[in-house]
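Heads up, the thing below is written out as structure tokens.
FYI, it's all coordinate maths here, none of it is from the lab. Here the structure is a predicted model, which means the values were calculated and not measured. FYI the Cβ positions are ideal-geometry reconstructions off the backbone, even for glycines, and counts take in every protein chain you see.
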Amino acid sequence: MRFDTVIIGGGLSGLVCGIRLQKSGKNCAIISAGQSAMHFSSGTFDLLGRMPDGSVVENPLEAIDRLDAGHPYSIIGKEKVARYATEAPDFLAGCGITVKGDAQSNSWRITPTGERKPAWLTLGDFTPLTSKNEKIGTKALIVNILGYLDFNTKFLADSFEKQGTVCRIASIRLEEMERLRKNPSEMRSTNIARVMDRDNIWEKAASQVKEMIKDEDVVVLPAVFGLKNAETVETMRKAIGIKTVFVATMPPSVPGIRTQMTLKAEFERAGGRFFIGDSVIEADFNEDNTVKSVATYNFGDIRVYADDFVLATGSFFSKGLIATPEKIYEPVFGIDLNYEEKRDGWFDRNFWNRQNYISFGAKVSEKLNTYVDGRPVENLYAIGSLLGGSNTLYEGCGGGVAIISALAAADEILHK
Amino acid sequence: MGTGVRDNEFDVIIVGGGITGAGTARDCALRGLKVLLIERHDLATGATGRNHGLLHSGARYAVTDRESAEECIKENMILRKIARHCVEETEGLFLTLPEDDLAYQAKFVESCQAAGINAEIIDPKEALRMEPSANPDIIGAVKVPDGAVDPFRLTSANVIDAKLHGAKVMVYSEVTSLIKEGDTIKGVETFNHITKQKEKYYAPVTVNAGGIWGQHIAELAGAKINMFPAKGALLIFGHRVNNVVLNRCRKPANADILVPGDTICLIGTTSSRVPFEEVDNMYVTPDEVDVLLQEGEKLAPSLASTRILRAYAGVRPLVATDDDPSGRNISRGIVLLDHETRDGIKGFISITGGKLMTYRLMAEWATDLVCRKLNSSETCVTMHTPLPGSEKENIDEISQKTWSKPGATHKATVGRHGARAVSIGLNDEYDASLVCECEEVSVGEVRYAVNELDVHNLVDLRRRTRVGMGTCQGELCACRAAGMLADAHKCTDRAKNDLKSFVNERWKGMYPICWGDTLRESEYSQWIYSGVCGLESEGCETDKAE
């Protein structure tokens, strides 16, 4: 089997890279094991929320200048980062995903536990705040679906009340939900969303919510609507009739899964091949240290050949990186990594402090080429959270690194 | 007796909410005394909750410590009757590996029989049929009546019964000083960590059941006990590799017991002396992890490919006798000190040494002495009085009787609370919905624990219900349960800080083994809690007891 480019990993970075290449005329395949980080999305993509020294970032593009040379943004280069960051909303809109946001001015998102975090691009489901302490309204009606435990109304009410919003907590009960409620583990976001989508049950939910409103000027709901169609959320807003703020739930994330499915559909519509439920197990190299082909579980003896390979397998959770008591390695190509050798240096004893292991990852050239045994591999690129050099969680830059490195690697391949 | 006339006057004050204190409180209450039990953290936070959960047959001590062995087998038989909902009758095997001396087996069996332990040499092939996960290379096997016991459940059941018999139980209350008049201890001064109040309580007898921390409590009374803090580290694996307790048939050494318990199994322990100053903060070192893995794989080779869930360590409350650097040679025997005869301090006794297995006997001895001091002639009944939850039926009978169609959640609940499960509402769909999928803990069970079992935070809740003890180590259930606690305690700030402390406490058991799937799980937790939720360290207690 032969493609122009084979991308390993079907998360945000793999899909963005694949769509860009496919739409530019490359024949691409994505090999994906299954779920991605988008399945537990926060509802926003972040570009840079905090500097490594802990200071809060207001203007990400301006702050990028002050990052270390090893940071993926520094490796890609400030000008390119700015270009891709500015282009990203249009790119996503071209895939059918509506986002709001500005790379030169962070907005704020409300987290499932009521915290406020810097955000770059916000999915259409959600309401970005312009300042950290913005009040969502004078009186809020926070509505949950009876029996759903992954939407913490108390935590949210408490955080809104701290900004001076008076809160009332209520719940709706739908007979269509009773079947789910009978099975004690079924009341989870995606199951609720599926029931809501079926026969437009969400209309009933919206009208129940509307009837509950007394003198409130804002309604707060869990983001469990429109698994298949983002428009559902907009239509619900109209049906409820007053300002409606959807807040991200604990995983799985309904808007995140929808976004991932939308990107996948866009890639396939452009002609790309998406192989789901498969994993690359090994690779062979040409004499010039370029990758020749890879083998996967499902294709068995049939090897997959390509001119270029993009590694977008993520970090530890998605098995892009493997840790043993002795070492950390990348399992497919054995590419060179940046990490601390002593296990003591991987973690901090306080969970809430910065954890070093998050910043471990692939060593890459300015073209995002990987290395094996110190030698560059000219046709193998690493993108997304597999990249080392940034503590994406602490700095709040995971989404930005994924999207920007994906676009940068795609352009390197296109301009070869 | 009920001699106390005021709210703060009791017949006996027991300091320490581990299994010894809980057992003593129950025994005293059953003998009609007005009891106050005081614990500075939660129940079972010390050595009680940090061991193998092994229902010793006593075989392990048969060769080296006959007295402990005899106590163990007697208590083993008693606990099977009085604490059936806390005990799993798994049986145990003592395996001889090619590197071990088979000659030890004969001596071992002989010593067991002398101590009254039914030890039977069986064909290694039969042993492998009994426990297929055992090392196939074994050259010898002895069957003994070992089992598994849930120490949290056992402590909780003792406390429930003490309360049913009128005892007052105060958790998160720390004894700051003892009230002494002349040569007599009249009571205790406490600091209540929840209400932030200083309080005073009086009783003619105070029992020091503080385990390793008992050294400090004795100091407050002006007495000196030389404890020997012997740290023991253990590893928890993600599922039950074995159904039969596996031991090495050799002189007790590192990592030679593998115990199944609930959904997991445990390998342990190491033994090393630690400075007394460190007993509040036990960290498991990489070397300890390596030893436990190396030795554990010899008992059950499949441990090499089994996911490790957690590493943890406890401190044995041994009483020092000689200069033994490992503490292995010190007797695990019971130490009951009457400070009146020993140090001239009246109204104060210490019960220490011993082990989880012999807690009931320790309680009996301590209560006998308390009764002597109070001139009470009441005798002990705990050897034949079942604990609440263990009265009669087994899990299936209780489930059938309570629910028309008992499901897995119902059975898990009965498994944890025995016959007490009837007071847990599980009929309504909302009550039946699961907070913790790994351990099948329902909304109803969480509510029951919060209302009835002295639960003040998520870590307490874990000890009562197993919330967050499964493979995911509290990924989503912690947040759900925090929401319920916010409701119950009407304070969201406290619940949120509690959530942070809980996640941090889970991490403490994970970082010593943070590679492979454990690191993957941790990274996911980081994404959820630090990333998606955006929680930060502010308000988190970093060094809370496990």
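So if we plug the beta-carbon distance of A:Arg83 and B:Arg307 into 1/(1 + (r/R0)^6) with R0 = 41 Å, what FRET efficiency do we get, rounded to 0.05? Write out the running numbers ahead of the final one.
Working: r = 44 Å, r/R0 = 1.08.
In this case the efficiency is close to 0.40.
Mind jotting down the distance between the C-alpha centroids of the range B:489-511 and the range A:96-158, whole Å?
Cα centres, the range A:96-158 to the range B:489-511: 23 Å.
Pull up the cross-link candidates among the aspartates and glutamates for B:Lys125, meaning alpha carbon to alpha carbon under 13 Å and not fewer than 8 places away within one chain.
B:Asp137
Using R₀ = 22 Å, calculate the FRET efficiency as 1/(1 + (r/R₀)^6) where r is the Cβ-Cβ separation of B:His239 and A:Lys319; round to 0.05.
It comes to 0.60.
Per DSSP helix of 4 or more residues, -39500 (n - 2.57); summed, then divided by the residues of the protein assembly as shown. What does that give at 222 nm, rounded to the nearest 500?
It lands at -9500 deg cm²/dmol.
Which whole-number percent of Cα pairs in chain B have a distance greater than 31 Å?
The share of Cα pairs beyond 31 Å in chain B comes to 46 percent.
Taking the range A:127-247 on its own, what percent of its Cα-Cα pair distances exceed 20 Å? Intermediate values should be presented prior to the final figure.
Details: 2953 of 7260 pairs.
Result: 41 percent of Cα pairs exceed 20 Å.
May I ask you to compute the full-extension gain from A:Glu366 to A:Glu203, defined as 0.36 nm times their residue separation minus their alpha-carbon distance, rounded to one decimal in nm?
In short, 53.6 nm is gained.
Counting only other residues whose beta carbon sits under 15 Å from that of A:Arg66, what net charge do I get with K and R as +1, D and E as -1?
Overall, the nearby charge balance is -4.
In Å, what Kirkwood hydrodynamic radius results for chain A from the alpha-carbon pair distances?
For chain A, inverting the mean 1/r across all distinct Cα pairs yields 22.4 Å.
Rounding to the nearest 20 debye, state how big the charge dipole of the range A:1-97 is about its Cα centre with +1 on each Lys and Arg Cβ and -1 on each Asp and Glu Cβ.
460 debye
Once you compute Rg and the Kirkwood Rh from C-alpha atoms, what is the Rg to Rh ratio for the range A:205-262? Write out the running numbers ahead of the final one.
Working: Rg = 12.0 Å, Rh = 12.0 Å.
So for the range A:205-262, dividing Rg by the Kirkwood Rh gives 1.00.
Using just the Cα positions, wrap the protein assembly as shown in a convex hull and report its mean projected area in square nanometres, one decimal place.
Computed as one quarter of the Cα hull surface, the answer is 41.5 nm².
Mind pulling the angle between the C-alpha long axis of helix A:254-269 and the longest principal axis of chain A? Nearest 10 degrees, somewhere in 0 to 90.
Orientation of helix A:254-269: about 50 degrees from the principal axis.
May I ask you to compute the full-extension gain from B:Glu278 to B:Ala114, defined as 0.36 nm times their residue separation minus their alpha-carbon distance, rounded to one decimal in nm?
55.1 nm
List the equivalent ellipsoid semi-axes of the range B:160-276 in whole Å, largest first, each obtained as the square root of 5λ for an eigenvalue λ of the Cα gyration tensor.
Numbers: eigenvalues 287, 82, 34 Å².
The three semi-axes for the range B:160-276 are 38, 20, 13 Å.
So how strong a dipole does the range A:127-247 carry about its Cα centre when Lys and Arg Cβ are +1 and Asp and Glu Cβ are -1, to the nearest 20 debye?
So the magnitude is around 160 debye.
Stretched out fully, how many nm does the piece from B:Lys125 to B:Lys200 gain, at 0.36 nm a residue minus the Cα gap? Intermediate values should be presented prior to the final figure.
Values: separation 75, 0.36 × 75 = 27.00 nm, distance 6.21 nm.
Computed gain between B:Lys125 and B:Lys200 is 20.8 nm.
If I take every Cα pair under 8 Å that is 6 or more residues apart in chain B, average their sequence separation and divide by the length, what percent do I get for the relative contact order?
Reported as a whole number, the value is 16 percent.
If contacts are Cα pairs under 8 angstrom and at least 6 residues apart, what is the relative contact order of the range A:127-247 in percent?
On the way: 169 pairs, mean separation 35.7, N = 121.
Worked out over the range A:127-247, it gives 29 percent.
Normalising by the residue count of chain A, find the relative contact order in percent from Cα pairs under 8 Å and 6+ residues apart. Intermediate results must be reported in sequence, preceding the final value.
Working: 899 pairs, mean separation 96.8, N = 416.
RCO, chain A: 23 percent.
Where Rh denotes the Kirkwood radius from the mean inverse Cα pair distance, what is Rg over Rh for the range B:65-189?
Rounded to two decimals, Rg over Rh is 1.18.
Which of B:Gly344, B:Tyr172, B:His410 sits farthest toward the positive end of the charge dipole of chain B, with +1 on the Cβ of Lys and Arg and -1 on the Cβ of Asp and Glu?
The one lying farthest along the dipole's positive direction is B:Gly344.
Please report the spacing between the Cα centers of the range B:27-97 and the range A:347-399 in Å, no decimals.
For the range B:27-97 versus the range A:347-399, the Cα centre distance is 50 Å.
Which entries of B:Lys355/B:Lys500; A:Lys154/A:Lys238; B:Lys107/B:Lys143; A:Lys78/A:Lys100; B:Lys81/B:Lys163; B:Lys231/B:Lys298 show an alpha-carbon separation above 24 angstrom in the structure shown?
With Cα atoms farther than 24 Å apart: B:Lys355/B:Lys500; A:Lys154/A:Lys238.
Roughly how many Å is it from the Cα centre of the range A:11-76 to that of the range A:216-277, as a whole number?
One Cα centre to the other: 20 Å.
Please work out the ratio of the alpha-carbon Rg of the range A:1-137 to 2.2 N^0.38 Å and round it to two decimals.
1.16
Given Cβ point charges of +1 (Lys, Arg) and -1 (Asp, Glu) and nothing else, what value in debye, to the nearest 20, does the dipole of chain B about its Cα centre take?
900 debye
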